[in-house]
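Scroll down for the structure; my scribbles are underneath it.
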Amino acid sequence: MDFTVKIAGYGDLAAADAVERETMGDYVYLSDAWNYFNSLGGGLVCVYDGEKMIGIGRFSVLPDGSGWLETLRVVPSYQRKGAGKAIYKKWLEIAKELKCPSMAMFTGVSNAASSGLAELYGLKTVAQHRGYHLTDLSGGDPHGFKHTTWQRAVELIMAKKDEYNDYMTFNRTFHHINEANAKAFSDQGKVFEDKESGSFIVCGARFQHQVTLHIAMMGGDLDKCIDFAINYAKAQGLEKVSCTFRLENEKLENALKARGFKAESSDLITKEVKF
């Protein structure tokens, strides 16, 4: 089919939200993240059949300049007719125009269609991740955790690069561990340190701050870090703490399981192409 491809403007939220709801049912977040997305480089690619919007896909530029592909939605009656390919072609154009060093996305380990589409445009599997969540937020303790300076945040985060196998995750967005992203996390108020216990935690949310507190990294006394996360989540009126990490990080997985975190139903894979 022949489609028209455009970049969304502020007035396109209603139509884009309708595409997401028709495609995803109750699992929607575009409306909540709309202003945040529009503050980033990149854009929301929209596909039209005539005047009707039938597909969307967000290209977001992360703090280190890499491209992140998200919110790919095509209404069911138009799937497997070329709309997804049209979005990927535009994503590649944006990546080259913005001189992104890479672009990446995630999908479920069993989602062969999503994985296959990404591979058509050069993205290869680079990591497998697992998510855990906690909804029983009893207990918790702030201990001595305080915000760090950006210089200290870089020092703490970069020291864990190998242990975390080069990835930190907020809202299922996989960030490479590097100085640019570490500085951004600090500027966003997501890095806390308890100097007395020699512990630190990177936590918060990329968007939908009212829903879940995401733990991206912990170091030192992991129990104290989890105590802080629980306390911090409850202070914000949240009902869930989550943590997503590469499968190789058995130490982190064991610490989460010991505190009652439950594994998500399916693992995730990250796919990436470097330019």
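Observations on the model:
- In the stretch 163-173, the residue that is nearest to Arg206 (Cα to Cα) out of those that are within 8 Å of the chain's Cα centre (by Cα) and buried (at least 21 other Cβ atoms within 10 Å of the Cβ) is Phe170.
Per-residue answers, yes or no, for (1) under 26 Å from Arg21 (Cα atoms); (2) touching a residue at least 40 places away in the same chain (Cβ under 8 Å); (3) crowded, with 19+ Cβ neighbours inside 10 Å:
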{"residue": "Gly57", "(1), (2), (3)": "yes, no, yes"}
{"residue": "Pro63", "(1), (2), (3)": "no, yes, no"}
{"residue": "Val74", "(1), (2), (3)": "yes, yes, yes"}
{"residue": "Gly84", "(1), (2), (3)": "yes, no, yes"}
{"residue": "Trp91", "(1), (2), (3)": "yes, yes, yes"}
{"residue": "Leu98", "(1), (2), (3)": "no, yes, no"}
{"residue": "Pro101", "(1), (2), (3)": "no, yes, no"}
{"residue": "Phe106", "(1), (2), (3)": "yes, yes, yes"}
{"residue": "Ser114", "(1), (2), (3)": "yes, yes, no"}
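- Answer residue from the stretch 213-234, given it is free of Cβ contacts under 8 Å to residues at least 60 places away in the same chain and surrounded by fewer than 20 Cβ atoms within 10 Å (Cβ to Cβ) and is farthest from Met158 (Cα to Cα) among those: Asp223
This table checks each residue for (1) in contact with a strand residue (DSSP E or B) (Cβ under 6 Å, 6 or more places away or on another chain); (2) surrounded by fewer than 17 Cβ atoms within 10 Å (Cβ to Cβ); (3) without any contact (Cβ under 8 Å) to a residue 40 or more places away in the chain.
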residue: Pro142; (1), (2), (3): no, yes, no
residue: Met158; (1), (2), (3): no, yes, yes
residue: Lys161; (1), (2), (3): no, yes, yes
residue: His175; (1), (2), (3): yes, no, no
residue: Gln188; (1), (2), (3): no, yes, yes
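- Checking each residue of the stretch 14-30 against the condition of being assigned to a strand (DSSP E or B), outside the structural domain of Ala180 (by TED's automatic domain parsing) and within 21 Å of the chain's Cα centre (by Cα) gives no match.
- Any hit, the stretch 242-259, residues being basic (Lys, Arg), in the same structural domain as Trp150 (by TED's automatic domain parsing) and in contact with a helix residue (DSSP H, G or I) (Cβ under 7 Å, 6 or more places away or on another chain): yes
The values are calculated or read from the model by the stated rules, or taken from the named source; none is laboratory data. Predicted model only: the values in this text are computed from it and were never measured. Here Cβ is always computed from backbone atoms with ideal geometry, including for glycine, and neighbour counts include all displayed protein chains.
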